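A short write-up of the structure that comes next.
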Amino acid sequence: MSCSKLFPERSGYEHKICSLHLGAANGSEGLRTARELYPDLILLDYMMPGISGKEVFITLATSEDERLRRTPVVMLTAKTDNHHEQRELLELGMAAYLCKPFGHHELLNVIDNVLITSQIKERNRVLEAESRQSFVSTVRALISLLSIKDNYTGEHSTMTADLAERVARSFNLPDTEVMHIKLGGLLHDIGKIGVPECILCKPGYLSPEEIVVMRQHVHYGEQALAGVPHMETVRAIVKHHHEWWNGGGYPEGLKGEEISLGTRIVTAADAYDAMTSDRPYRRRLSQATAIERLRAAAGLQFDALVVEKLVECLSTYNAEHAPTLSLKFLERLHHAA
């Protein structure tokens, strides 16, 4: 069918389709054309020589080429009794499913709607990418500030995040939850940016007055993340990672399962890495001693099940090879949120 017959009143479509020669005699040729020219829209007949329109669409929808996956496809078919298959294709991302017979105006209206929807999706995609980059930049800036303020705290946070991720995975938690727990471990001490260095780096035990100031870091951390989107779970971890299983912690005296599992995991990982790191007021403890202290505090300071999961993970954990924060991890986290 000629372009003038298919689009008699839409000269814009006629000019574009005819000038680019986007017609294809069969599915294989159509796929080649799509890969070469990246059309704005594909009109796909269900019944074609060789591979069917359904097979062509599935090939496009599962392509490694993101631009092809995003290309809107309108299926044209004479089949009217395949509602299950129509639903299946729409769930895979097909833009529209148009059953024959249909008039020129009906087809043109569908094309208009699909193109408008595609443009909106593309704008949203760009905005989402910009938002994701802003999120990544914000988190990286916070981590850099913490490392500048106190290099030990920066290194400790990375180790805590890695160990917390391992423990979280041992609970078979969903990937999104694991990523939030890892980020909670990474940022659990971010509020120490607001603690005076004379207290933060003091080469000795803190006085009662200094302890009060130090404990404010959980509030500073929560406030620092208040304006960052998708951080609700992480903010809760930051605020409550000094709560105790028996209710003896701070800032709110939560106990037992009032404390989220992610927070309980970060609390135990935090304590282990702190005990096995050198501090100005003491030398690091051995792994065996740290494990002994964790188990002694199980049911008091720590969730006993979390402690045992952590101990299991330590059998294959090498802190010297703990991975650093990656851009890919932050992008996955933001995308999942």
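Taking PRO251 as the residue in question, decide whether it is in contact (Cβ under 8 Å) with a residue 60 or more places away in the chain and either part of a loop (DSSP other than H, G, I, E, B) or of a type in the set (A, V, I, L, M) (or both). So PRO251 does not fit the description; no. Listed conditions (1) on the phi < 0 side of the Ramachandran plot; (2) in a loop (DSSP other than H, G, I, E, B); (3) at pLDDT below 85 are all met by GLY12, apart from (2). Among residues of segment 53-82 that are charged (D, E, K, R), those with a beta-carbon under 7 Å from a residue that is outside any helix (DSSP H, G or I) at least six positions away or on a different chain give the pairs LYS54/TYR46; ARG67/TYR38; ARG69/SER63; LYS79/TYR46. Listed by first and then second residue, the pairs linking a residue in segment 111-140 that is closer than 19 Å to ALA95 by Cβ to a residue that is at pLDDT below 85 and part of a helix (DSSP H, G or I), with Cβ atoms under 8 Å apart and 6 or more places separating them unless they lie on different chains, are ILE111/TYR13. Of the residues ILE120, ILE143, ILE148, the single one that is in a helix (DSSP H, G or I) and surrounded by 12 or more Cβ atoms within 10 Å (Cβ to Cβ) is ILE143. Only one of the listed residues (LYS121, LYS79) is touching a strand residue (DSSP E or B) at 6+ places or on another chain (Cβ under 9 Å), outside the structural domain of LYS309 (by TED's automatic domain parsing) and not small (Gly, Ala, Ser). That residue is LYS79. Comparison of VAL126, VAL167, VAL195 shows that the only residue that is surrounded by fewer than 16 Cβ atoms within 10 Å (Cβ to Cβ) and among the hydrophobic types (A, V, I, L, M, F, W, C) is VAL126.
The condition of being in contact with an Asp or Glu (Cβ under 8 Å, 6 or more places away or on another chain), surrounded by fewer than 21 Cβ atoms within 10 Å (Cβ to Cβ) and not hydroxyl-bearing (Ser, Thr, Tyr) does not hold for GLU209. If the condition is being in a helix (DSSP H, G or I) and within 20 Å of LEU225 (Cα to Cα), then segment 166-189 contributes THR176, GLU177, VAL178, MET179, HIS180, ILE181, LYS182, LEU183, GLY184, GLY185, LEU186, LEU187. Screening ALA224 on (1) more than 19 Å from ALA269 (Cα to Cα); (2) under 31 Å from the mean Cα position of the chain (by Cα); (3) surrounded by fewer than 17 Cβ atoms within 10 Å (Cβ to Cβ) shows it passes everything except condition (3). Residues in segment 190-224 that are touching a residue at least 60 places away in the same chain (Cβ under 8 Å) and assigned to a loop (DSSP other than H, G, I, E, B): CYS201, LYS202, PRO203, GLY204, TYR205.
Matching residues to (1) closer than 24 Å to LEU68 by Cβ; (2) more than 26 Å from the chain's Cα centre (by Cα); (3) of a type outside the set (Phe, Trp, Tyr):
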{"site": "GLN86", "(1), (2), (3)": "yes, yes, yes"}
{"site": "LEU90", "(1), (2), (3)": "yes, no, yes"}
{"site": "ILE120", "(1), (2), (3)": "yes, no, yes"}
{"site": "VAL139", "(1), (2), (3)": "no, no, yes"}
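The values are calculated or read from the model by the stated rules, or taken from the named source; none is laboratory data. This structure is a prediction, so every number in the text was calculated from the model and none was measured. All Cβ positions, glycine included, derive from the backbone under ideal geometry; neighbour counts span all protein chains shown.
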